[in-house]
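The values are calculated or read from the model by the stated rules, or taken from the named source; none is laboratory data. In this text the structure is predicted, and so the values were computed from the model without any measurement. Neighbour counts run over all protein chains shown; Cβ positions are idealised from the backbone, glycine included. For accessibility, only protein heavy atoms count, side chains too; no ligands or nucleic acids. Shrake-Rupley method; radii C 1.70, N 1.55, O 1.52, S 1.80 Å.
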Amino acid sequence: GGEEGGEGAAESGGPAIAAQVEEDLPPEPEVPLPVSWLTVGGVVTIDILTLPPPGSTAKGWSLREVTKLEAEVDRQTYPVAEQALTAAPLKVTFTLPPHVIPPPTGTLSAPGHAVAFFDPGLQTWTTDGVTDAEFDQQTLAVSAYMPRLTCTVALVVPRHRELPYAQWLIVPAGPASCALLLHTANRQLEIRISAAGVVLVPPPAGETGREEGCAQGDVLGALSGCGPCPPSVLFSRLREAGLFLCPCDHDAIPLNHGEAVVTRHVVPKNETFEKELHAEIPKLVAAGLQLTSSKHTQRLGPASALLRLAAIPLAEEVLDDEAPPPQLDPWGLVHEHWACLAVSKTGPTGNPIDRYATLIKGTEAAASATTLDMSPPDGATSHSTPILCIQAEGQEKYPDLGQFKSSPKLYQDTLRQVLDKLRLFSFTKM
């Protein structure tokens, strides 16, 4: 039945947003997965060349044999075929550029940073046989003993190293800007978003990643000084620094490898559903709502999502005019009793539907998705879009709802682009 919010909205009632994960996920691989590596700081090309015959001098004459090396270069691999079993590893040393988030000083090994060479036969990066890989933070020098050389060597990290995300929070700052706080698997990031673009906020002093130490703050601080830029530019710069935050569906495989279906960490959302959801989220933020992740989202399957929301609390009146403004911790305002909003392409009776959104009775306090009460609150109904659910609640409950109409479309589209890159609903763990 159609709702006033548009064609395709479902009727109210207890929604049957069932977790059909077993049907929608690819089968679990039975063999160990190869690691998908990303290069950090570019690649180092090493050519082993055949030297031309040496010259000689006799009776004032300089003599040298003329060979094909006069006109072409003869590249070799190490070791040569005759010495493949007896050749000693070759030590390679190279320096990282300063814009790269450095690994910790000392030994390098998977699952973190590693030194790899490109195997032209397999067309992939491999660490097989690489030993004694080390990094010196003082000189930014990376060294390792290579069993063979095939021209290209690099410092690498797994693509999924920052995944899954632990949690995220979007905090509006009026109708035209917001802050996205993101906890990845290894670090905390803050991105300011406005119509002018996105800006990375440098981490506070002493608040660094789990592995790199204080050096990462210098690199991230330099990136934050670049000024507002399009989301694609910021994420490209982060990628060049060794921080990959643009996952694809394939990146979920190593995160879930070896896990039973019901305990998988992430369930990538359907592409069409995800993009439609990302287009709706900026409207909620523009209406003055704080948004954060829900631990139940992954269990709802690839065509459903759950998010928690709350209005920005009113600032307390400051009695002392000379006192500095209180410093509020955004995460300190988040609690398990925030309202939950379900968005799905499954209707209340389990039938496929174009659009379905509803506030639900259940909260984050529920132990699992099976115990979560997905029915609308008393007197509420479902709608075709999330913003219609909020507008139906009125400004008495959400005081900043009216500012949504004055929110710049460019700002909302910039936030949408950030969400498309990060894929928060697909890669935030249960």
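Each peptide among 54-61, 393-400, 359-366 gets the average number of other Cβ atoms lying within 10 Å of its residues, and from highest to lowest they stand as 359-366, 393-400, 54-61.
If you stretched the chain out fully between D119 and S236, how much longer would it get, using 0.36 nm times the residue separation minus the C-alpha to C-alpha distance?
Values: separation 117, 0.36 × 117 = 42.12 nm, distance 2.55 nm.
Taking D119 through S236 to full extension adds about 39.6 nm, to one decimal.
Starting from the Cα gyration tensor of the stretch 360-430, take the square roots of the eigenvalues, sort them a ≥ b ≥ c, and report rounded, prolate or oblate (rounded when a/c is under 1.5, otherwise prolate if a/b is larger than b/c, else oblate). Oblate, because a/c is 1.5 or more while a/b does not exceed b/c. Extension gain, D132 to K91: 0.36 nm times the residue separation minus the Cα-Cα distance gives 13.8 nm. Once the C-beta distance of V73 and D354 is scaled by a Förster radius of 60 Å, the resulting FRET efficiency is 0.45 to the nearest 0.05.
In this structure the amide hydrogen of A110, modeled in the peptide plane, comes within under 5 Å of no amide hydrogen from residues 5 or more places off or on another chain.
Take every pair of alpha-carbon atoms less than 8 Å apart whose residues are at least six positions apart; their mean separation over the length of the stretch 101-185 yields a relative contact order of 26 percent. Subtracting the Cα-Cα distance of L140 and E82 from 0.36 nm times their residue separation leaves 17.3 nm of extension gain.
Shape verdict for the stretch 119-184, please, from the Cα gyration tensor: rounded (a/c under 1.5), prolate (a/b greater than b/c) or oblate.
Working: a/c = 3.55, a/b = 2.43, b/c = 1.46.
The shape class here is prolate.
Under 24 Å Cα-Cα from K361, which lysines qualify once same-chain neighbours fewer than 8 residues away are excluded? The qualifying lysines are K269, K283, K295, K345, K397, K429. Residues of the stretch 84-122 falling in the label zone of T50, defined by backbone nitrogen less than 20 Å from a point 7 Å along Cα to beta-carbon, are 84.
Karplus-based coupling profile of the stretch 108-118, in residue order and whole Hz: 10, 6, 5, x, x, 5, 8, 9, 9, 10, 8, with θ = phi - 60° in 6.51 cos²θ - 1.76 cosθ + 1.60 and x standing for Gly or Pro. Near the amide H of A173, within less than 5 Å, lie the amide hydrogens of C178, A179, all on another chain or at least 5 residues away, with H placed in the peptide plane. 3J(HN,Hα) along the stretch 96-105: 7, x, x, 7, 9, 5, x, x, x, 5 Hz, from the Karplus curve 6.51 cos²θ - 1.76 cosθ + 1.60 with θ = phi - 60°, whole Hz, x for Gly and Pro. Here the Kirkwood formula puts the hydrodynamic radius of the stretch 39-175 at 18.4 Å, using every distinct Cα pair. With a 1.4 Å probe rolled over the protein heavy atoms of all chains, the accessible area of L90, L341 falls in the order L90, L341, largest first.
Protein chains only, probe 1.4 Å: how do L63, L309 rank by accessible area, largest first?
Largest accessible area first, the list is L63, L309.
Proximity of backbone amide H atoms, modeled 1.01 Å from N, is registered between Q395 and no other residue at under 5 Å, excluding neighbours fewer than 5 places apart on the same chain. Per-residue SASA remark: T93, around 90 Å² accessible (1.4 Å probe; ligands, DNA and RNA not included). Each residue of the stretch 412-424 is assigned a 3J(HN,Hα), and the resulting list reads 4, 6, 5, 5, 4, 4, 4, 5, 4, 6, 7, 6, 4 Hz, derived from the Karplus form 6.51 cos²θ - 1.76 cosθ + 1.60 (θ = phi - 60°), x at Gly and Pro.
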